[in-house]
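Chemist: Just dropping this structure here.
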Amino acid sequence: MFCTPPFLHIPMARQVLSAGKHVILEKPLTGYFGDEKAVEVGKTGDRQKMLDEVIQQMDDFKEFLQKCDKQLFYAENYVYAPSVVKSKEMLEKTKSKILLLKAEEAHSGSHAFHAANWKYTGGGALIRQGCHPLSAVLYLKMVENRARGEQFKVASVIGDMGNYHCSTA
């Protein structure tokens, strides 16, 4: 078992899968990390280029996985939070329809060396922290649809984010 920053997830997963082992990965699978010379990754630059490069990474990794005889598993811990577990149980028993899902993530951040550096995490707060509540609401939508015998597909995700810096001067 390894704990690695996101910029190593796909390269290490490829290596371990190629060595004949199954892999469990936690968030995020990948992101936009810039090139070796990049310093202020994410603060400047062409957003479309960033998205295009991430999509290409994902397409390449998908092709690799389709040829691989080992499995990649994606883990997400928020689906085990008591409130999410309770919501899941209610959806399964009542087969109710979810009318609105809202999620929030707010804390002072990680103490890991790479956490605040886009070059290592592959994105800002949505990638690093917001993916947890986002995955929980998508999971609950999946539970609802399974209970109701329906299918769903994510059409879009809307995020409202803020960035602030506090100084003690």
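The values are calculated or read from the model by the stated rules, or taken from the named source; none is laboratory data. A quick note: this is a predicted structure, and the numbers were derived from the prediction, not measured. No Cβ is skipped: glycine too gets one built from the backbone with ideal geometry, and neighbour counts run over all protein chains shown. These accessible areas exclude ligands, DNA and RNA; they are computed on the full protein's heavy atoms, side chains included. Shrake-Rupley method; radii C 1.70, N 1.55, O 1.52, S 1.80 Å.
Chemist: For the range 1-152, build the charge dipole from Cβ charges (+1 Lys, Arg; -1 Asp, Glu) around the Cα centre, then report which of Ala112, Ser96, Leu17 sits farthest towards its positive end.
Modeler: Value: Ser96.
Chemist: Gain in length, Lys102 to Ile24, computed as 0.36 nm per residue apart minus the alpha-carbon separation, to one decimal in nm?
Modeler: 25.3 nm
Chemist: Which three lengths, in whole Å and largest first, does the range 35-98 cover when its Cα atoms are put on their principal axes?
Modeler: 52, 37, 20
Chemist: Can you give the FRET efficiency to the nearest 0.05 for Lys43 and Ala112, using r as the Cβ-Cβ distance and R₀ = 22 Å?
Modeler: 0.65
Chemist: To continue, here is another question. Solvent-accessible area of Arg47, probe 1.4 Å, all protein chains present, reported in Å² to the nearest ten, please.
Modeler: That residue has around 130 Å² of solvent-accessible surface.
Chemist: Residues with amide H under 5 Å of Val41's amide H, sequence separation 5 or more or different chain, H placed in the peptide plane at 1.01 Å from N; which?
Modeler: Residues meeting the amide H criterion: Lys119.
Chemist: Moving on to the next point. So for the chain, averaging the separation of alpha carbon pairs under 8 Å that are six or more residues apart and normalising by length, what relative contact order in percent results?
Modeler: Reported relative contact order: 29 percent.
Chemist: For q values of 0.17, 0.18, 0.20 Å⁻¹, compute log₁₀ I(q)/I(0) with the Debye formula on a Cα-only model of the range 1-68, without solvent.
Modeler: For the range 1-68, the Cα-only Debye profile gives -0.68, -0.75, -0.89.
Chemist: Accessible area per residue of the range 1-129 at 1.4 Å probe, in Å²?
Modeler: I get 72 Å² per residue for this part.
Chemist: Suppose R0 equals 45 Å. What FRET efficiency, 1/(1 + (r/R0)^6) with r the Cβ-Cβ distance, do Asp59 and Thr94 give to the nearest 0.05?
Modeler: FRET efficiency, Asp59 to Thr94: 0.70.
Chemist: Note down the magnitude of the dipole of the range 13-83 about its Cα centre, charges +1 on Lys and Arg C-beta and -1 on Asp and Glu C-beta and zero elsewhere, to the nearest 20 debye.
Modeler: 200
Chemist: Report, ordered by chain and residue number, the lysines lying within cross-link reach of Lys153, taken as a straight Cα distance under 22 Å and ignoring same-chain residues fewer than 8 apart.
Modeler: Lys153 reaches Lys27, Lys62, Lys88, Lys95, Lys97, Lys102, Lys141.
Chemist: Among residues other than Asp52 whose Cβ falls under 12 Å from its Cβ, what is the net charge (Lys/Arg +1, Asp/Glu -1)?
Modeler: Neighbour charge sum, excluding Asp52 itself: -1.
Chemist: If you count, for each residue, the other Cβ atoms within 10 Å and average over each peptide, how do 131-137, 145-151 line up from highest to lowest?
Modeler: Ranking, from highest mean packing down: 131-137, 145-151.
Chemist: With a 1.4 Å probe and all protein chains left in place, how much of the accessible area of the chain comes from carbon and sulfur atoms, in whole percent?
Modeler: That fraction is 56 percent.
Chemist: About its Cα centre, how strong a charge dipole does the chain have in debye, to the nearest 20, once Lys and Arg get +1 and Asp and Glu get -1 at the Cβ?
Modeler: Using Cβ point charges on Lys, Arg, Asp and Glu, the chain gives about 540 debye.
Chemist: Can you work out D for the chain in µm² s⁻¹ from Stokes-Einstein, where Rh is the Kirkwood radius over C-alpha pairs, the temperature is 4 °C and the viscosity is 1.567 mPa s?
Modeler: Translational diffusion coefficient: 71 µm²/s.
Chemist: Let me ask you something else. Report the net charge of residues surrounding Tyr78, where surrounding means a beta-carbon distance below 10 angstrom and charges are Lys +1, Arg +1, Asp -1, Glu -1.
Modeler: -1
Chemist: From a point 7 Å beyond the Cα of Val154 in the direction of its Cβ, which residues of the range 65-99 have a backbone N at a distance under 16 Å?
Modeler: 74-79
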